[in-house]
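As structure tokens, the structure follows; a few thoughts come after it.
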Amino acid sequence: MYAAPFSYYRAASVQEAAKLLQELGEEARVIAGGQSLIPLMKMRMARPTALIDINFIPGLSDVQTPKGELRFGALVRHADLEHSAAGATLPILHDCAAGIADVQVRNLGTIGGSLAEADPSGDWGTALLALDTAVICSGPSGQRTVPLENFITDAYTTVLAHDEIVTEVRVKVPSKNSGGAHLAFKRSAPVYPTASASVQLTLGDQNMCKDARVVLGCVGLKAIRAKEAEGVLRGKPLDEKNIWAAVDAARAAADPQSDMRGSADYKRVLVGALVHRAIEIAARRARGESMEAGHEYAGR
Ligand SMILES: Cc1cc2nc3c(=O)[nH]c(=O)nc-3n(C[C@H](O)[C@H](O)[C@H](O)COP(=O)(O)OP(=O)(O)OC[C@H]3O[C@@H](n4cnc5c(N)ncnc54)[C@H](O)[C@@H]3O)c2cc1C
């Protein structure tokens, strides 16, 4: 099906995009990679009267690395991250980027669009929550920095005002002896995961877990930080007993719905298995091991 008619505007600056959003009203939408918006428009589930293309705004595709931080312009594509030095530095970013859909989607879809879309099954909202991430929102009255934890408020809902756009995503580089992993289980490549889990650990001496973040994806209206699971690991030896206790706490934190991807019970078991594996991989990476990880496909 073709999309309903709309007018097209090409913004040359963030200010112009914000002004156009104000002038064109609530039915106008920003378009970045178009990998969520265009399919919805074709299915007539979204009917924006105007699209404001931000792809030609200079600077929004930049990756910057000031001390202790990684800064991704909103238009950085999944594929850019997949092949970037940032992905090599923080493997959790590579796990996430490399597993999203197929090459075509990864070449067009953007990190900013993914967070703004706030799809409960989206990978970036989960993986980036395992890190210390902030979202820069820019509008007519300037910029504000919103911790990712507060940015997505519900399924498909963020704190963005209608005339604001995401311009940058900032990630603090974790301290040394840290490692992370993002694992997602999918029925096939070009579909969203059935469940996902992101874990970021910092290890101390004698296998002690100094810090932990455990995040669950696709099992709630937004990514869930399993804080009880984190508490079970933090300050304790990273042994099987504590890992399984964290898995149990993560399962309890999940709030899955039954749908075409599986029953709620199945997803709860699945997310626990993903958390267990993600903890093991994150720990090995924290110890300096280089390991491939990422999306797993049914039947493989
Ligand atoms: C077949 C298929 C499979 C997919 N599988 C996965 C998957 O497994 N995992 C996953 O995470 N994603 C998946 N995706 C989605 C993909 O990652 C999209 O790229 C992403 O969700 C949206 O990014 P985009 O740049 O394409 O945004 P667009 O489609 O351009 O926009 C999406 C929404 O965000 C708004 N928006 C975009 N950019 C901004 C901005 N900078 N500021 C404010 N608002 C903005 C738009 O107005 C729109 O409402 C899949 C998509 C397809 C088509």
* Asked: Looking at residue 11, is it outside the structural domain of residue 117 (by TED's automatic domain parsing), farther than 30 Å from residue 278 by Cβ, open to solvent by less than 40 Å² (accessible area, probe 1.4 Å) and among the small types (Gly, Ala, Ser)?
  -> yes
* For the stretch 87-112, how many residues meet the condition of being open to solvent by less than 10 Å² (accessible area, probe 1.4 Å) and over 14 Å from the mean Cα position of the chain (by Cα)? -> 0
* Can you tell me which residue within the stretch 235-264, out of those that are open to solvent by 50 Å² or more (accessible area, probe 1.4 Å) and in a helix (DSSP H, G or I), is nearest to residue 193 (Cα to Cα)? => 251
* Filter result (open to solvent by less than 10 Å² (accessible area, probe 1.4 Å), among the aliphatic types (A, V, I, L, M) and within 22 Å of residue 185 (Cα to Cα)) within the stretch 120-160 -> 127, 128, 130, 131
* **helices (runs of 4 or more DSSP H) within the stretch 1-91 that include 1 or more residues within 20 Å of residue 133 (Cβ to Cβ) and away from the ligand (no atom under 11 Å from the Cβ)** => 78-82, 85-89
* To do: Report, ordered by the first and then the second residue, all pairs with beta carbons closer than 9 Å, sequence separation of six or more or different chains, a first member in the stretch 133-144 that is farther than 16 Å from residue 30 by Cβ, and a second member that is of a type in the set (Gly, Ala, Ser) and assigned to a strand (DSSP E or B).
  => 144/138
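In the stretch 184-207, what residues are open to solvent by 70 Å² or more (accessible area, probe 1.4 Å) and more than 16 Å from the ligand (Cβ to nearest atom)?
Result: 205, 206.
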* Structure fact -> Scanning the stretch 181-214 residue by residue, those over 14 Å from the mean Cα position of the chain (by Cα) and hydrophobic (A, V, I, L, M, F, W, C) turn out to be 185, 189, 191, 201, 203, 208, 209, 212
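The values are calculated or read from the model by the stated rules, or taken from the named source; none is laboratory data. The structure displayed is predicted, hence computed values, not measured ones. Reconstructed Cβ throughout: ideal geometry from the backbone, glycine too, with neighbour counts over all protein chains shown. With ligands, DNA and RNA removed, areas are computed over all heavy atoms of the protein, side chains included. Shrake-Rupley method; radii C 1.70, N 1.55, O 1.52, S 1.80 Å.
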